[in-house]
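One structure is given here, and the rest of the page talks about it.
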Amino acid sequence: MRLFAVIKSFRKPLPWIAIYSLLFAEVAGQVPKACDYEISGIIFDLTSKQPLPFAAVQIKGTNIGTVADEAGTFSIKDLCENEFDLIFSHVGFKKLTHHHDPHHALSKVFLAPENLTLESVIVEGEVVVGDLHSNTVEELSGREFEKNQSESLGDLAANISGVSVLKTGQNIAKPIIHGLHSNRVLIINGGVRHEFQNWGTEHAPEIDPSLAENISVIKGAATVRFGPDALGGVLLINPPKMEIASPLHGEIGLIGKSNGRAGEGSFKLQKGYRKLAFLASGSLTKQGDLKAPDYALTNTGKSEKSIALGTKFHGSHFDMTAFYSRFDQELGILRGSVTGNLNDLATAIGASIPENTADFSYDINNPRQTVTHDLFKLTGELHKENQSFLIQYGFQINQRREFDVRRGTNNQLPAIDLELFTHSLEAEWNHPAWNDWQGSIGIQTVYQDNNNLPGTNTIPFIPNYNNSRLGIYFIESKVFNENTIEWGVRYDYQTFSIRGRAANNDLFTNDLTYQNFSATIGLKKEIKDGHVIRTNLGSAWRPPNVSEIYSFGRHQSAFEYGLWRYEINEANDVTAGRVLTEEDREIPSEVGIKWVSSYEINQQKWQADLTGYVNFIQNYLYTKPAGITQNIRGAFPFFIYDQTNALLAGIDFSSSFQHHEKFTSSFKASLLWAKDVGNDENFVGLPPINLGYLLNYSPQNFGIFLNNHIDLDLSYTFEQFQVPRVIGVDEILAAKENDISLFENNDEVFDFLPPPGGYFLMDISWSFKVKNIPGLGGSIQIHNLLNQSYRNYTDRLRYFADDVGRNLILSVKYQF
Amino acid sequence: MKNSNYFRILSGLIVLSLAFTGCSDDDEPPVENPEEVITTVTLTFTPSGGGTAITASATDPDGEGPDDLEVDGDITLDANTTYTMTIELTNDIENEDVTEEIVREDHEHMFFFAFTNDLFDSPTGNGNVDDRGDELNYNDQDENQLPVGLSTSWTTGDTKSGTFQVILKHQPNVKTATSDIDDGESEVDVTWDLSIQ
């Protein structure tokens, strides 16, 4: 996270950074002697990231102060104290109180306009550590985050170019970064790797974005810093900061949505003392059945509860933070997506209105998921003049219960009931410069215990396992002229201890070890003022997941066999019965190498960011069709796991241009090309090309409303053209009936339906502050204004139902 | 070097964390009883005038494995005879009689039948899979007076042969007088060859 803070401070600072970047010890001015202490910095506008002239700076409790110059810079000299509270103020901007101590250079101060709910923020010391100067990082703008904060994490992240979303209906959304998702994307929540049942495409990360401060994406292979799995990229969730010496403040928000008749309430409270700070926040959501333009989406309600508590102690050489959060979800899944055998699937796909569609209800019936995630973390930071040390312990409990439509009393029992405990301990030393090389050495250990809880009346889909990992890394960087060069290496050692049950309840066990080296090298170059080039080449890896090794059984209308659960006999038939080991079939780790480069322009009136990438992944794990089986329930296709090589490449573009004092246009586009180069085939479910245009009109005054923002948001998603062959359900059934082996000579992946057509969506929104009532603001948004019927290619329920229709969203927020 | 003292903490932690890794799992997953699995379907045709009952069955010993189910022989019925057919479902892995469960939950279950057109004298036609309203002789009813199909009547005519398909649908909250093959999920879907001699 510190690393993250650093990149941010380098580029697009974020509110909470002030706290975490406390780590980056750097002396401001000199070691304090009698009254010669000096403090200086630059003040910026948080929204435009441009210098803000003539802001006032004052030392709290004194009359010592100054006013920034035209370029936003200020300095106060001849101070007798080196630790004090600073107050920054400017008309139309939120006042900021900041506790300064000599271990943190005060380089950039970002004042937030009053109409933003985001807080003003200070970014301290620009000591840059990590492999991330050269890595392309993109974050949501403050307004964009605020506007979409009530969405799921996956949907929210999809507002960043290059990120799309893998869905199972509206309630279950996972981020896809540059075409990769699940175990190939890492999620770092407040500095801790978010550990959950990431293997399932219908297992969304249990993180409530309404408690976060912002999110951003590292688009490169950041494995060296964050560990295995980051093949596609890293999604970073920044929790709210805890500011020392700040008055009691907070906010209360209420949101109502017409589609799903949903309501959401949230609060945040913060208070900072001289050495202590506290934070408490929570949110509550209830949503009923959603509606597509032409019909109700029965059983798509959800209910969510989340809470976060934090405290921070600030000493002169020592900071300590304790943080706890819990997210509790119950998510309904579209009833019409439940299918048994292939005939059922054909019926469900063919239904013009999803089966079992009923009137609106808040009830959540099967199929549904109940998921909880608890995170506790304790962070200690030591800092000296030219080095710092961080130690962090994290403890996570993830419980996941999935309820299917089942017979009899089993309907009350979860079909999947998993409990995952994760302990993580990590330490990082930011060493003093060695011959101008800045850098860090770190160690990360993880211990996980995954258990199936008894009482599901099903053979567990994945086995129990314990998993330990040790990673050690070095990251070094050096600045010369306008360039920053950096390199990093990492070694990981991981063990799995597996205990599972075969279909006949026989116990199987195995102990596995995986290890790997990763490396990164990169360059950041400032060509001229506001023009930056970054280029980074990084390797990443991940060991196979237990589900890829051991899964066995039915998943909706298909059977799936993990790499050690099937054999191919001499007659080329697939058999499954025996549980294999590494002696029967080796499963090498997935190893990727990703090159990502970007060109950024940051000017007064316009910003642009063009990113290109190429990602090659060896031993890419995927499923391919292997046959059709007929059992008592009817006919089912079955899929086996295999490995191939994958090549992905693409371009992201985002830009904004202020053409008039009150009008700004933004444009976003992302394009991905990918191929299974091992078999010369296409993959299923690649995000299609997407273009977005946003026009913002910001009249300052509007009757009793202040700081108005009116947005017109247009987007067009193309029909995906890189698709595998299509084999309809009827064709599979006919082949089975006529004893034709569809897959024996051609095991190319297939899709049951061709991709849905392209679609155009229009959203409008208006956000405002109320004059005369400081702190009160609100917004009105209409999503899918045209009530367009469409299906999203990366939504797994696209076979069964349209996406949601028009949605009117009203939100009120009061800040105090 | 004075600066290196944080490094000492780090090296200490590296040693400590080595001890942290490498625990093995001693939690064995529970033995689960997959009650919902049906491994065998048995049809018993009992002639109404007395005589030897004819049975036919289908088994799928590997459950969710890739092997096909085995239909144990064709069904051969006598011509010009009325039969009562009962269906028995068992889970041989657990030695469990699933039929009882269907009886307990008969308001959520219904059997549908499809057969070669005019294979029987009664019911005529080709069964109620294509059209719920088609003729079929159910002998049992659930609490809502809707047919279940664990017991049905069949009258054969002259010598004929064709196919005979049995489908069990689980229709929680959707079983009505008009709910059909498209409602709910399939729990059984097996086809036999049937000849009348």
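The values are calculated or read from the model by the stated rules, or taken from the named source; none is laboratory data. Just so we're clear, the structure is a prediction, and the values are computed from it rather than from any experiment. Neighbour counts are summed over all protein chains in view; Cβ atoms, including those assigned to glycine, are modelled from backbone coordinates with ideal geometry.
Can you find even one residue in the stretch A:476-489 that is part of a strand (DSSP E or B), within 26 Å of the chain's Cα centre (by Cα) and of a type in the set (Ser, Thr, Tyr)?
Looking for residues that are part of a strand (DSSP E or B), within 26 Å of the chain's Cα centre (by Cα) and of a type in the set (Ser, Thr, Tyr), one finds none in the stretch A:476-489, hence no.
Look at the stretch A:338-367 and say how many of its residues are under 21 Å from A:GLY301 (Cα atoms), in contact (Cβ under 8 Å) with a residue 60 or more places away in the chain and within 8 Å of another protein chain (Cβ to nearest Cβ).
2
Only one of B:VAL174, B:VAL188, B:VAL129, B:VAL166 is within 14 Å of another protein chain (Cβ to nearest Cβ), within 22 Å of A:THR357 (Cβ to Cβ) and of a type in the set (A, V, I, L, M). Can you tell me which?
B:VAL174
Of all the residues that make up the stretch A:716-749, how many are under 22 Å from A:ARG798 (Cα atoms), in contact with a helix residue (DSSP H, G or I) (Cβ under 9 Å, 6 or more places away or on another chain) and surrounded by 15 or more Cβ atoms within 10 Å (Cβ to Cβ)?
5
Can you tell me which residue among A:GLN658, A:GLN630 is among the polar types (S, T, N, Q) and over 28 Å from A:ASP739 (Cβ atoms)? Please lay out each step first, then the result.
Numbers: A:GLN630 fails: over 28 Å from A:ASP739 (Cβ atoms).
It is A:GLN658.
Please go through (1) over 30 Å from A:ASP45 (Cα atoms); (2) more than 14 Å from chain B (Cβ to nearest Cβ); (3) not charged (D, E, K, R) for A:TRP606 and return the number of the only condition it doesn't satisfy.
Going through the list (1) over 30 Å from A:ASP45 (Cα atoms); (2) more than 14 Å from chain B (Cβ to nearest Cβ); (3) not charged (D, E, K, R), A:TRP606 breaks only (1).
Please state which one of A:GLY522, A:GLY500 is more than 14 Å from every other protein chain (Cβ to nearest Cβ), assigned to a strand (DSSP E or B) and crowded, with 24+ Cβ neighbours inside 10 Å.
Only one candidate qualifies: A:GLY522.
Filter the stretch A:215-236 down to residues that are more than 12 Å from A:VAL596 (Cβ to Cβ), not in a loop (DSSP other than H, G, I, E, B) and not aliphatic (A, V, I, L, M), then give me how many there are.
Of the residues in the stretch A:215-236, 4 are more than 12 Å from A:VAL596 (Cβ to Cβ), not in a loop (DSSP other than H, G, I, E, B) and not aliphatic (A, V, I, L, M).
Right, A:ASN410: surrounded by fewer than 22 Cβ atoms within 10 Å (Cβ to Cβ), at the interface with chain B (Cβ under 9 Å from one of its Cβ atoms), within 30 Å of B:VAL103 (Cβ to Cβ) and within 30 Å of the chain's Cα centre (by Cα) or not?
no
Does A:LEU425 satisfy the condition of being within 24 Å of A:ARG326 (Cβ to Cβ), within 9 Å of chain B (Cβ to nearest Cβ) and within 23 Å of the chain's Cα centre (by Cα)?
Taking the combined requirement at face value, the residue satisfies it.
Condition test on A:ALA503, is it farther than 30 Å from A:TRP606 by Cα and under 25 Å from the mean Cα position of the chain (by Cα)?
no
Anything in the stretch A:406-434 that is outside any strand (DSSP E or B) and either without any contact (Cβ under 8 Å) to a residue 12 or more places away in the chain or touching a helix residue (DSSP H, G or I) at 6+ places or on another chain (Cβ under 7 Å) (or both)? List them, or say none. Quick ask: steps written out before the conclusion?
Our first condition is that a residue be outside any strand (DSSP E or B); within the stretch A:406-434, this holds for A:406-415.
Selection gives A:ARG407, A:GLY408, A:THR409, A:GLN412.
I need the full set of residues from the stretch A:341-354 which are under 33 Å from the mean Cα position of the chain (by Cα) and crowded, with 19+ Cβ neighbours inside 10 Å, in order please.
Correct list: A:LEU345, A:ALA348, A:PRO354.
Counting just the residues of the stretch B:37-49 that are assigned to a loop (DSSP other than H, G, I, E, B) and surrounded by fewer than 21 Cβ atoms within 10 Å (Cβ to Cβ), which one comes out nearest to the other protein chains (Cβ to nearest Cβ)?
B:SER48
Quick check on B:ALA114: is it within 14 Å of chain A (Cβ to nearest Cβ) and small (Gly, Ala, Ser)?
Considered against the rule, which asks whether it is within 14 Å of chain A (Cβ to nearest Cβ) and small (Gly, Ala, Ser), B:ALA114 comes out as yes.
Here's the yes/no breakdown for (1) in contact with a strand residue (DSSP E or B) (Cβ under 9 Å, 6 or more places away or on another chain); (2) in contact (Cβ under 8 Å) with a residue 12 or more places away in the chain; (3) buried (at least 21 other Cβ atoms within 10 Å of the Cβ); (4) not basic (Lys, Arg):
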{"residue": "A:PRO544", "(1), (2), (3), (4)": "yes, yes, yes, yes"}
{"residue": "A:GLU548", "(1), (2), (3), (4)": "yes, yes, yes, yes"}
{"residue": "A:TYR566", "(1), (2), (3), (4)": "yes, yes, yes, yes"}
{"residue": "A:GLU586", "(1), (2), (3), (4)": "no, no, no, yes"}
{"residue": "A:VAL591", "(1), (2), (3), (4)": "yes, yes, no, yes"}
{"residue": "A:LEU621", "(1), (2), (3), (4)": "yes, yes, yes, yes"}
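Only one of A:TYR465, A:TYR473, A:TYR514 is within 13 Å of another protein chain (Cβ to nearest Cβ), within 30 Å of A:GLU582 (Cα to Cα), assigned to a strand (DSSP E or B) and out of contact with any Ser or Thr (no Cβ under 7 Å at 6 or more places or on another chain). Can you tell me which?
The conditions single out A:TYR473.
I'm trying to understand the selection: among the residues of the stretch A:616-632, which are aliphatic (A, V, I, L, M) and either in a strand (DSSP E or B) or touching a helix residue (DSSP H, G or I) at 6+ places or on another chain (Cβ under 8 Å) (or both)?
Initially, the stretch A:616-632 is screened for residues aliphatic (A, V, I, L, M), giving A:617, A:621, A:626, A:628, A:632.
Listed by number, the residues that qualify are A:ILE617, A:LEU621, A:ALA626, A:ILE628.
Looking only at the stretch A:56-92, count every residue that is under 24 Å from A:TRP606 (Cβ atoms) and small (Gly, Ala, Ser) and tell me the total.
Within the stretch A:56-92, residues that are under 24 Å from A:TRP606 (Cβ atoms) and small (Gly, Ala, Ser) number 3.
Does the stretch A:552-582 hold any residues that are within 11 Å of chain B (Cβ to nearest Cβ), assigned to a loop (DSSP other than H, G, I, E, B) and under 29 Å from the mean Cα position of the chain (by Cα), and which are they?
Result: A:GLN556, single match.
Counting only residues that are over 20 Å from A:LYS305 (Cα atoms) and either within 11 Å of chain B (Cβ to nearest Cβ) or hydrophobic (A, V, I, L, M, F, W, C) (or both), how many does the stretch A:368-380 have?
Going through the stretch A:368-380 one residue at a time, the tally reaches 2.
With respect to B:LEU18, determine if the residue is at pLDDT 80 or above, in contact with a Ser or Thr (Cβ under 9 Å, 6 or more places away or on another chain) and either assigned to a loop (DSSP other than H, G, I, E, B) or within 13 Å of chain A (Cβ to nearest Cβ) (or both).
Spelling it out, it is not the case that B:LEU18 is at pLDDT 80 or above, in contact with a Ser or Thr (Cβ under 9 Å, 6 or more places away or on another chain) and either assigned to a loop (DSSP other than H, G, I, E, B) or within 13 Å of chain A (Cβ to nearest Cβ) (or both).
Condition first: facing chain A (nearest Cβ under 7 Å) and either at positive phi or surrounded by fewer than 19 Cβ atoms within 10 Å (Cβ to Cβ) (or both). Can you find one or more residues in the stretch B:50-63 that meet it?
yes
Give me a count of the residues in the stretch A:664-715 that are surrounded by 15 or more Cβ atoms within 10 Å (Cβ to Cβ) and either among the basic types (Lys, Arg) or at positive phi (or both).
4
Given the criteria polar (S, T, N, Q), more than 24 Å from A:ALA635 (Cβ to Cβ) and in contact (Cβ under 8 Å) with a residue 24 or more places away in the chain, does B:THR176 qualify? Give the derivation first.
Values: polar (S, T, N, Q): yes; more than 24 Å from A:ALA635 (Cβ to Cβ): yes; in contact (Cβ under 8 Å) with a residue 24 or more places away in the chain: yes.
Yes; evaluated as a whole, the condition is true for this residue.
Taking interchain pairs and intrachain pairs at least six residues apart, which have beta carbon atoms under 7 angstrom, with the first residue in the stretch B:65-89 and at pLDDT below 90 and the second in a loop (DSSP other than H, G, I, E, B)?
Listed pairs, sorted by first residue: B:GLY65/A:ALA503; B:GLY65/A:ALA576; B:GLY65/A:GLY577; B:PRO66/A:ALA576; B:LEU69/A:ILE632; B:LEU69/B:ASP60.
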